[in-house]
Amino acid sequence: MNRRLDLLGLACGMALAVVAAGCQTQAPSTRKPGDVVDPCADRLHGICGRLLLYHSLNGKLPADLADLKTVDSAPMPPLSCPASGRPYVYNREGLPVSGRSGRLVLYDPAPTHSGMRWGILADVAVEKPPLTAGVILLSERPVFSGSKPSPGPGQP
């Protein structure tokens, strides 16, 4: 009986580790107490966690960001950039980013952060959990040069 409980505990712990490890902000690991974290990156990190949880439960990304409210009873982070006040752009299929694996599924509508944009890069080719995703800071060149970013489904 104890062996069964040990195995069950191990399986539950591994499942939680997979979900928790999926969303990682790509920032230096040398962060010190008192370091300033960009509020936009922090907000996107919270949204990233909900995207991972939604994908874990449903095996796909949501059709609309409003669907993220159904996966957690905690208050939903605002779906807009704290610097510009403009809503984030969501594209379930994602935009390719040169030199990076994965696709940009959620991002700032304008280069508000010193000419750069925060976004969430996800491995959308994965049809079943675990999905990997992370918050990244992008210059205009790799994704947005030469064309205006188009909103994803459900976006104005």
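The values are calculated or read from the model by the stated rules, or taken from the named source; none is laboratory data. Keep in mind that this is a model prediction, so the values were computed, not measured. Backbone-built Cβ (ideal geometry, glycine too); neighbour counts: all protein chains shown.
Taking region 98-115 as the range and being surrounded by fewer than 24 Cβ atoms within 10 Å (Cβ to Cβ) and not β-branched (Val, Ile, Thr) as the test, the residues that pass are 98, 99, 100, 101, 102, 103, 109, 110, 111, 113, 114, 115. Residues in region 42-88 that are modelled with pLDDT of 90 or more and among the acidic types (Asp, Glu): 42, 64, 67. When the residues of region 116-151 are filtered to those that are modelled with pLDDT under 90 and in contact with an Asp or Glu (Cβ under 7 Å, 6 or more places away or on another chain), the one that is surrounded by the fewest Cβ atoms within 10 Å (Cβ to Cβ) is 124. Restricting attention to region 23-41, the residues being out of contact with any strand residue (DSSP E or B) (no Cβ under 6 Å at 6 or more places or on another chain) and either at pLDDT 90 or above or at negative phi (or both) number 12.
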